[in-house]
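The values are calculated or read from the model by the stated rules, or taken from the named source; none is laboratory data. Source: prediction; values computed, not measured. Backbone-built Cβ (ideal geometry, glycine too); neighbour counts: all protein chains shown.
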Amino acid sequence: MKEIRGTFSQLRSAASPSLRPVVDFLHKLIASLDKAYVEVVWARQEIASFGVGPKKMSQHYAYIGVHKSHLNLGFYYGTSLKDPAGLLEGSGKKLRHVKISEMAEAKSPAVESLLIQAIADRRQNQNDA
C-alpha cells in the first residue's frame, strides 16, 4: 500500500475546532524543543510524526494523532521514558501515548518533560533501533 503524505494544516483541519489550538500548541512546543526536527504527516491516518530523520520506527520520537474528542501525543519509545506523573498509556512493546483533550493538559510540565526525554533518546540512539 502506498503511503499518502500530507501537510500539517491537513492534520490541523482534521481536528475538531476546540482541539485545533491544542494541535498548534503541541506543534510549536515540539519545534521549540527540537529546532532540527523532521516532520512527516500521514493525512489518511491523521497523524503527524516527528523525529531526527524520516524513518518512522527508528528515527521518530513522537507523534500527534487526531481523534474525535482528544489528541494522542504518542512516543515511539515511550516505555523507556521516566513518567512520574503517570501520564503514559498503552501496552505495546515500546509505544506509549498521552491523551490530551484540553490546553491545560498540553501545557503540563510533565508533557514537556516527556518530549525532552524522547528527543534526547532519539538523538542519542537513532541508529540503534
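List of remarks:
- Among the residues of segment 35-71, the ones that are of a type outside the set (A, V, I, L, M, F, W, C) and either out of contact with any strand residue (DSSP E or B) (no Cβ under 7 Å at 6 or more places or on another chain) or more than 19 Å from N125 (Cβ to Cβ) (or both) come to 12 in all.
- Residue satisfying all of: in segment 75-92; over 21 Å from S58 (Cα atoms) and of a type outside the set (G, A, S); surrounded by the fewest Cβ atoms within 10 Å (Cβ to Cβ) among these: P84
- Qualifying positions in segment 107-117 - part of a helix (DSSP H, G or I) and either without any contact (Cβ under 8 Å) to a residue 12 or more places away in the chain or not acidic (D, E) (or both): P109, A110, V111, S113, L114, L115, I116, Q117
- Search result, residues across segment 16-57 that are under 14 Å from the mean Cα position of the chain (by Cα), within 20 Å of E105 (Cα to Cα) and among the aliphatic types (A, V, I, L, M): V22, V23, L26, L29, I30, A31, L33, I47, A48
- Scoring A120 on the criteria (1) over 20 Å from S16 (Cβ atoms); (2) buried (at least 18 other Cβ atoms within 10 Å of the Cβ); (3) not acidic (D, E) leaves a single failure, condition (2).
- Neighbours by Cβ (under 8 Å, 6+ apart or cross-chain): first from segment 118-129, at pLDDT below 80 and of a type in the set (G, A, S); second surrounded by 14 or more Cβ atoms within 10 Å (Cβ to Cβ) and part of a helix (DSSP H, G or I): A129/S58; A129/Q59
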